[in-house]
Amino acid sequence: MIDNSIFENKKAAYLTLGCKLNFAETSAIGKQLSRVGVRKAREGEIAEICVINTCSVTEFADKKCRQAVRKMIKDNPGAYVIVTGCYAQLKPEDIAGIEGVDIVLGSEQKLDVVAYLDELKKKDKGVVHTSKTNSIKSFVPSCSQDDRTRYFLKVQDGCDYFCSFCTIPFARGRSRNGTIKSMVEQAQEVVSKGGKEIVLTGVNIGDFGKTTGESFFDLVKALDDVEGIERFRISSIEPNLLTDEIIEFVASSKRFAPHFHIPLQSGSDAVLKLMRRRYDTALFRHKVEKIKSILPHAFIGVDVIVGTRGETDEYFEETRLFLESLDFSQLHVFTYSERPGTQALKIDYEVDPRTKHSRCKTLLDLSDKKLESFYNSQQGRQRKVLFEHTQHDSMMYGFTENYVKVETTFEECKANEIKIVTLGGFNQLKTALIEG
């Protein structure tokens, strides 16, 4: 058993790479360490403990993680270095081999970090603690605040989908979740801290309820009754799990924002089959049209991957035309990256890097046009803006309920407050100005 007195007055530095779920989990790790006496290192201080929470969604993400680990070690000489996250789960020996790394924690171990710290003694080589994918079963609730005003509430973890291009099920295990009761309690804790906006996050949040016999719709309804939270946002949700009843509920709810983020990945049904996605373009179109029919001013973000194996010129053109025909607000475009161990590697047709880059630019240009059209549709309308704490060049920023970014002159009294404003024109950074 570790003597907790060794942690007292130790300083820790945290670095999170990747998704908002990682940020929520880093926050949970930080709370564990703070309970045994570790405090967060202040700017300019050299930390005695470093925690790096990694991502492995692409080959570039892997490279970025290795660079980040080495930089943390250089910036905090002599620190006890802990590396966790998806890259640590998938390639623990790669991380353990980096000079200066002391311990590598897998997905099952990272949220019980104190139990693995072994008296904080520096190692000659990183010690690995990971579990096989089928042994990753625990769900530890976590909620973090970003550097603005939003909180990110982890409601679900893992994935059962095994899409052909993705390693996330291997990195995070099967789908699991906490109870609705525990989620409501965490939301109420955010209220007690003065928080007003919560983003629901997870790997496949629409799959919520598998381990508790509940449903994501049940969760949404329960959270809508939490007094004190001004708005909830639903992060990325699979189109086949975004039910019509959820869309209809958001349209009439007290607190859920008219803001949807839906992964499409490809606008070609042939490519969707190669990806092993669980929907087709007809279902996706129905979801977008359903949202716009009852929430005409809703913001809809869409994820797309370009250059996947099997994406011929013809199939990419199908994607481009499909997207042009949809009434969405913005695209998040990702370039396909080969991931070891995925079924996509068995697909023969490969797209060369130059073509991938060209396709990416084509869709980013389309995204700019869609976003400009959406922003133009909002001019002259009254919207509720939650202003953020941060200040940039005497300006402060906030977001409307339908995710329009707004700027105004900084005033401390506006921070973390919701103000009704009339949206004016937009600058080159796609930020709304306020009329009057």
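Tabulated data
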quantity	calculated
Cβ pairs under 6 Å, 6+ apart, first in the stretch 253-277 and free of Cβ contacts under 8 Å to residues at least 40 places away in the same chain, second assigned to a loop (DSSP other than H, G, I, E, B) and hydrophobic (A, V, I, L, M, F, W, C)	R255/I229
Residue among A251, A222, A270 that is touching a Lys or Arg at 6+ places or on another chain (Cβ under 9 Å) and outside any loop (DSSP other than H, G, I, E, B)	A222
So S367, is it exposed (fewer than 13 other Cβ atoms within 10 Å of the Cβ), of a type in the set (S, T, Y), without any contact (Cβ under 8 Å) to a residue 60 or more places away in the chain and not in a loop (DSSP other than H, G, I, E, B)	no
Residue match in the stretch 29-46 (condition: among the basic types (K, R), surrounded by fewer than 21 Cβ atoms within 10 Å (Cβ to Cβ), within 22 Å of V155 (Cβ to Cβ) and more than 17 Å from the chain's Cα centre (by Cα))	yes
Hey, V199 modelled with pLDDT of 95 or more and assigned to a strand (DSSP E or B) or not	yes
Criterion (within 24 Å of K63 (Cα to Cα) and not aliphatic (A, V, I, L, M)) met by exactly one of H297, H357, H286	H357
Residues within the stretch 87-111 that are in a loop (DSSP other than H, G, I, E, B), crowded, with 19+ Cβ neighbours inside 10 Å and of a type outside the set (S, T, N, Q), tallied	6
Selection within the stretch 323-361 - part of a loop (DSSP other than H, G, I, E, B) and polar (S, T, N, Q)	S325, S329, S337, T342
Total residues in the stretch 1-59, condition of a type in the set (K, R) and closer than 18 Å to V199 by Cβ	1
Pair list, Cβ < 7 Å and 6+ apart or interchain, from the stretch 69-86 residues that are in a loop (DSSP other than H, G, I, E, B) to residues that are hydroxyl-bearing (S, T, Y) and buried (at least 19 other Cβ atoms within 10 Å of the Cβ)	none
Candidate set from the stretch 49-68 (those that are in contact with a helix residue (DSSP H, G or I) (Cβ under 9 Å, 6 or more places away or on another chain), part of a helix (DSSP H, G or I) and at pLDDT 95 or above); member that is surrounded by the most Cβ atoms within 10 Å (Cβ to Cβ)	C65
Sole exception among (1) assigned to a loop (DSSP other than H, G, I, E, B); (2) in contact (Cβ under 8 Å) with a residue 60 or more places away in the chain; (3) over 21 Å from I168 (Cα atoms) for D124, by number	(2)
Selected residue (only one of R231, R255, R285, R277 is farther than 27 Å from R150 by Cβ and touching a strand residue (DSSP E or B) at 6+ places or on another chain (Cβ under 8 Å))	R277
Test result for K292, more than 28 Å from I168 (Cβ to Cβ) and modelled with pLDDT of 95 or more	yes
Flag if K419 is part of a strand (DSSP E or B), closer than 25 Å to F260 by Cβ and of a type in the set (D, E, K, R)	yes
Whichever residue in the stretch 4-48 is of a type in the set (S, T, N, Q) and not in a helix (DSSP H, G or I) and, among such residues, is nearest to I168 (Cα to Cα)	T16
Yes/no for K210 being in a loop (DSSP other than H, G, I, E, B), touching a strand residue (DSSP E or B) at 6+ places or on another chain (Cβ under 8 Å), without any contact (Cβ under 8 Å) to a residue 60 or more places away in the chain and surrounded by fewer than 22 Cβ atoms within 10 Å (Cβ to Cβ)	yes
Hits in the stretch 162-206 (condition: among the basic types (K, R), touching a Lys or Arg at 6+ places or on another chain (Cβ under 8 Å) and either surrounded by fewer than 20 Cβ atoms within 10 Å (Cβ to Cβ) or over 14 Å from F216 (Cβ atoms) (or both))	R174, K196
Hits in the stretch 117-139 - residues which are exposed (fewer than 15 other Cβ atoms within 10 Å of the Cβ) and over 16 Å from G85 (Cα atoms)	D118, E119, K121, K122, K123, D124, K125, N134
Complete set of residues in the stretch 1-28 that are over 26 Å from the mean Cα position of the chain (by Cα) and of a type outside the set (A, V, I, L, M)	D3, N4, S5, F7, E8, N9, K10, K11
Failed item in (1) part of a loop (DSSP other than H, G, I, E, B); (2) surrounded by fewer than 18 Cβ atoms within 10 Å (Cβ to Cβ); (3) of a type in the set (V, I, T), with V114 passing the rest	(1)
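The values are calculated or read from the model by the stated rules, or taken from the named source; none is laboratory data. Everything numeric here is computed off the predicted structure, so don't read it as measured data. Here Cβ is always computed from backbone atoms with ideal geometry, including for glycine, and neighbour counts include all displayed protein chains.
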